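Step one of this worksheet: look at the structure below.
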Amino acid sequence: MKDTIKDTASHVVGSITRAIGSTLSLPGLMAKKATAQPKAPPGSSPGIESMADINQPPAPGVIRVRCVDYAPEKIETSDVADLDAFLNQPRPEWCRVRWINIDGLHPWVVNRLREKFGFHTLAAEDVLRVPQRPKLENYDDNLFIVVRMLMLEEECLKHEQVSFFFYNDMMITFQEVEGDVWDPIRRRLEKPTSRLRNNDNSYLLYALLDAVVDHCFPILEQYGNLLERMEDEIIDSASPELQRRIHQIKRELSLLRRVIWPMREVVNTLQRAENNEISAYAKAYMRDVYDHTVQVMDVVETYREIVGGLNDLYMSAVGNRMNEIMKVLTIMASFFIPITFVAGVYGMNFEFIPELHWKYSYPVFWGICLTIIGGLTFYFYKRGWIGGGS
């Protein structure tokens, strides 16, 4: 019995220690510092024209503009140092598709591109007013697409808005900050035999969207591994810190769902659209992207159910742990109550208690106490309350 109580007490102390010192690694949702304009007050003039700094160019190095011109037989990649000079240069005659990618958001840069290529002022405003819900808007000569790009950097989940202006032979993409998931696409463009080099602009759109969606799979794999580790942690030590982490993961999975769900609608609209902007060849591949978004949604929903199960497991573990503690305290109280009764009887201040003057009273008293403890121990053991008896 003594060993049983000691083991239970050690287990409780160990649980408290692990609760204090738990260092479970959890990716935390962290948005990169916004470079966009602040939200306009209600009733403000719509469009980009009323924004601050629209006539003030950004400082050198703040915004990075890269241009990729390619055709089946040739490709040229360049960093644009002078945006005005670049926009005034004629496009190479051999170029089949031009991809302009802007890292960083600045009203002057967005407005200069709007003036050159004529995309709508409301679309230009949506580029700067982040975050926007993923969406697809069809204008006269271009498609405006907004998606959310998710990335894992040093076990931190980061997300940013990516805006597309899709023309027949040109793609313009805006990102909040430098760094993306498109480096494999840039390397594929360097290969003369790649499908990217030998197809039109709509295939480039497919490739960019496919990279954004497929990059969710390694992120979800990280969450899957994390949830498995958390299940073991909960069984070993159901600490309040673990419950906080469970709710944090639940919030992050909800954000993933809010990002992927409208992206699925965007891809579905692109692969079903009855227009000439997206080629039939690219639409076949868009169906594959749509399938990937459905898979991502299924995994996210599965993980959300697992998180709900982990919360139930946590509550069950806490309840079991409390029952163990109450069991130990109850057994200890059961031993001391009858002993306390006996000691109380012979501790009364009556003059005539026969056993008080008997020379064997003291050892008899302890014999009675030990007999009571032994009897209770045997009874508890037979009932299976201590020692694993039956």
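Coordinate-derived values only; no laboratory data. All values reported here derive from a predicted model rather than from experimental measurement. Here the Cβ positions follow ideal geometry from the backbone for every residue, glycine too, while neighbour counts run over all protein chains shown.
Which number comes out as Rg/Rh for segment 284-383 once both Rg and the Kirkwood Rh are worked out on C-alpha atoms? Write down the numbers at each step before the final one.
Numbers: Rg = 31.0 Å, Rh = 19.6 Å.
Here the Rg-to-Rh quotient is 1.58.
Starting from segment 308-390, pick out the GluC sites (Glu not before Pro) whose DSSP state is loop and whose Cβ has at most 12 other Cβ atoms within 10 Å. Working shown, then result.
Details: sites: Glu324, Glu351, Glu355; in loops: Glu351.
Counting only loop positions with at most 12 other Cβ atoms within 10 Å, the GluC sites (Glu not before Pro) in segment 308-390 are Glu351.
First select every other residue whose beta carbon is under 11 angstrom from the beta carbon of Met51; then total the charges, Lys and Arg +1, Asp and Glu -1.
Values: positive: Arg129; negative: Glu49, Asp53, Glu125.
So the environment of Met51 carries a net charge of -2.
If you take every residue apart from His292 with its C-beta less than 12 Å away from the C-beta of His292, what net charge results, scoring Lys and Arg +1 and Asp and Glu -1?
Details: positive: Arg264, Arg287; negative: Asp210, Asp214, Asp288, Asp291, Asp298.
Taking every other residue near His292 into account, the sum is -3.
Taking the convex hull of the alpha carbon atoms in segment 186-311, what volume per residue do you get, in Å³?
Values: hull volume 13.1 nm³, N = 126.
Cα convex hull per residue, to the nearest whole number: 104 Å³.
One quarter of the convex hull surface, Cα atoms only: what value does that give for the chain in nm²? Walk me through the intermediate numbers first.
Details: hull surface 126.8 nm².
Quarter of the Cα hull surface area: 31.7 nm².
Can you spot the aspartates and glutamates whose alpha carbon is less than 15 Å from Lys191's alpha carbon? Ignore those fewer than 8 places along the same chain.
Filter leaves Asp69, Glu73, Glu76, Asp183.
Short version: what are the Cα gyration tensor semi-axes of segment 346-390, square root of 5 times each eigenvalue, largest first, in whole Å?
Semi-axis lengths for segment 346-390 are 34, 10, 6 Å.
Using the basic label-point model (7 angstrom from Cα toward the beta carbon), what is the Gln248 to Asp236 distance in nanometres?
Going from the Gln248 label point to the Asp236 one covers 1.8 nm.
Cα centroid distance between segment 57-119 and segment 122-196, in Å?
Value for the Cα centre distance between the two parts: 14 Å.
Between Asn198 and Asp53, how many nm apart are label points set 7 Å from Cα along the C-beta direction?
Computed distance between label sites Asn198 and Asp53 equals 4.5 nm.
Cα extents of segment 96-180 along the three principal axes, largest first, in whole Å?
42, 29, 24
List the pairs from Lys158/Lys283; Lys74/Lys116; Lys158/Lys250 whose alpha-carbon separation is above 18 Å, in the order I gave them.
Numbers: Lys158/Lys283 29 Å; Lys74/Lys116 25 Å; Lys158/Lys250 16 Å.
Violating the 18 Å Cα-Cα cut-off are Lys158/Lys283; Lys74/Lys116.
Note down the net charge around Leu253, summing +1 for each Lys or Arg and -1 for each Asp or Glu among other residues with Cβ under 11 Å from its Cβ.
+2
If the cut-off is a Cα-Cα distance under 12 Å, which aspartates and glutamates reach Lys382, setting aside same-chain residues fewer than 8 apart in sequence?
Straight-distance partners of Lys382: none at all.
So for the chain: antiparallel DSSP bridges make up what percent, rounded to the nearest 5? Spell out each step's value before the answer.
Numbers: 34 of 42 bridges.
In the chain, approximately 80 percent of DSSP beta bridges are antiparallel ones.
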